[in-house]
Amino acid sequence: MKGVESIEIEVVRLPHGRDLQLPDYATASAAGADLLAAIDQDIELGPLERKIVPTGISIALPAGFEAQVRPRSGLAAKHGVTVANAPGTIDADYRGEVGVILINLGKEPFRIERGMRIAQMVVARHARAVWREVPALDETARGAGGFGSTGVVAGSSKRA
């Protein structure tokens, strides 16, 4: 795709993911590739229950990259099913199976079936910080204003 950086990532399809599609992008401009449930039996995820769902793949990311496992908006909006540690981070030196920690925040049980799109994976560059201790930080207009300090109405600093 024009203007979009591509990166080749090695992937191993594990035996229990043998017949499933590799991560793929639903549209040409999608940032996240869909991850599929590589399960042999359906999983029922009860309200407030969480489970690690296998994807049937292992990946090798190049140094300087991470993969972020994120929720699928449709599952979250329609069923309350999301990724518990969103975004989950897959480091470049991890070689195990990609697993998705799903949690059901809905009021009804949710059934996960083999091959269901359960999450999306975004591959991103990252920097490694070099920490430099200083006696004080520079001043900004926001300062130490934290959670909710910029308000909920655009152009306003009113607190909710």
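Tabulated data
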{"read-out": "Filter result for residue 133 (at pLDDT 95 or above, part of a loop (DSSP other than H, G, I, E, B) and of a type in the set (D, E, K, R))", "value": "yes"}
{"read-out": "Of all residues in the range 62-96 being part of a strand (DSSP E or B) and not hydrophobic (A, V, I, L, M, F, W, C), the one that is surrounded by the most Cβ atoms within 10 Å (Cβ to Cβ)", "value": "82"}
{"read-out": "The range 18-44 residues that are exposed (fewer than 11 other Cβ atoms within 10 Å of the Cβ), paired with ones that are in a loop (DSSP other than H, G, I, E, B) (beta carbon under 6 Å, 6 or more apart)", "value": "28/1"}
{"read-out": "Failed item in (1) more than 24 Å from residue 6 (Cβ to Cβ); (2) touching a residue at least 12 places away in the same chain (Cβ under 8 Å); (3) of a type in the set (Gly, Ala, Ser); (4) surrounded by 10 or more Cβ atoms within 10 Å (Cβ to Cβ), with residue 151 passing the rest", "value": "(2)"}
{"read-out": "Single condition residue 8 does not satisfy, out of (1) farther than 20 Å from residue 94 by Cα; (2) surrounded by fewer than 15 Cβ atoms within 10 Å (Cβ to Cβ)", "value": "(1)"}
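The values are calculated or read from the model by the stated rules, or taken from the named source; none is laboratory data. Predicted model only: the values in this text are computed from it and were never measured. For neighbour counting, all protein chains shown are included, and Cβ atoms are generated from backbone atoms with ideal geometry for every residue, glycine included.
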